[in-house]
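Below is one structure, written out as structure tokens; comments come after it.
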Amino acid sequence: MKQTPRVNYQLVLDETLKKIKDSGTRPGLLLHSCCAPCSSYVLEYLTQYFDITVFYYNPNISPESEYRHRVDEIQRLISEMCPQVGFIEGKYEPERFFEMAKGLEKEPERGARCLKCYRMRLEEAAIAARQSGSDYFTTTLSISPQKDSMVLNAIGKEISGLYGVPYLYSDFKKRGGYKRSTELSAKFSLYRQNYCGCVYSKAEAAMRNSAKNG
């Protein structure tokens, strides 16, 4: 079976940003945030080009105390680093995540459960972008070394077609993006979680740590 050639989405983003800069405009961007550490570099980078509203929709995160802690951290980061950025908190609806994950509980991280979770969160971001009149939407998820930019951008493209809002293609981990996010996390003393957010990723992380320490 012929494999789809990989795309360098940093170069795709470069082209988009050049066009925006040459146009002399500042489009509106609805930025789905998975957490404060991942958002730090993305905000530093993209506030040069866009008027940004951060959209926090992550019903996968458990327990609720963990969810609330992460919401507080992204709001603190915005207030301290880029107070001009807007913020929208989506609904916290963990029951929707668990319903989506039925039958996929034993899937490994980056498997079918995660793909459905990406899609759910990006779809809500597209809806929020359309409702707010944003010119683009995207997600911070591609900054993680554990996330495949090809998959995320393919989902973004499909959802963009469904909701009529352009998706900003990206691979934020490129050019030291992930490293810069760790530096900014240290600078702002951000809480860095050791699992993606859901109970399944938490259990997988615990197993990895146990094997490492065993």
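Each reported figure results from applying straightforward, stated rules to the coordinates on display, with no laboratory input. Since the model is a prediction, treat every value here as computed from it, not as a measurement. When we count neighbours, we look across all protein chains shown, and the Cβ atoms used for this are built from the backbone with ideal geometry, even at glycine.
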Residue tally, condition among the aliphatic types (A, V, I, L, M) and out of contact with any Ser or Thr (no Cβ under 8 Å at 6 or more places or on another chain), over region 35-72: 5
Scope region 4-27; condition assigned to a loop (DSSP other than H, G, I, E, B) and surrounded by 11 or more Cβ atoms within 10 Å (Cβ to Cβ); matching residues: Val7, Asn8, Thr25, Arg26, Pro27
Test: Lys187 is out of contact with any helix residue (DSSP H, G or I) (no Cβ under 7 Å at 6 or more places or on another chain) and free of Cβ contacts under 8 Å to residues at least 40 places away in the same chain: yes
Total residues in region 136-164, condition surrounded by 17 or more Cβ atoms within 10 Å (Cβ to Cβ), without any contact (Cβ under 8 Å) to a residue 60 or more places away in the chain and in a loop (DSSP other than H, G, I, E, B): 2
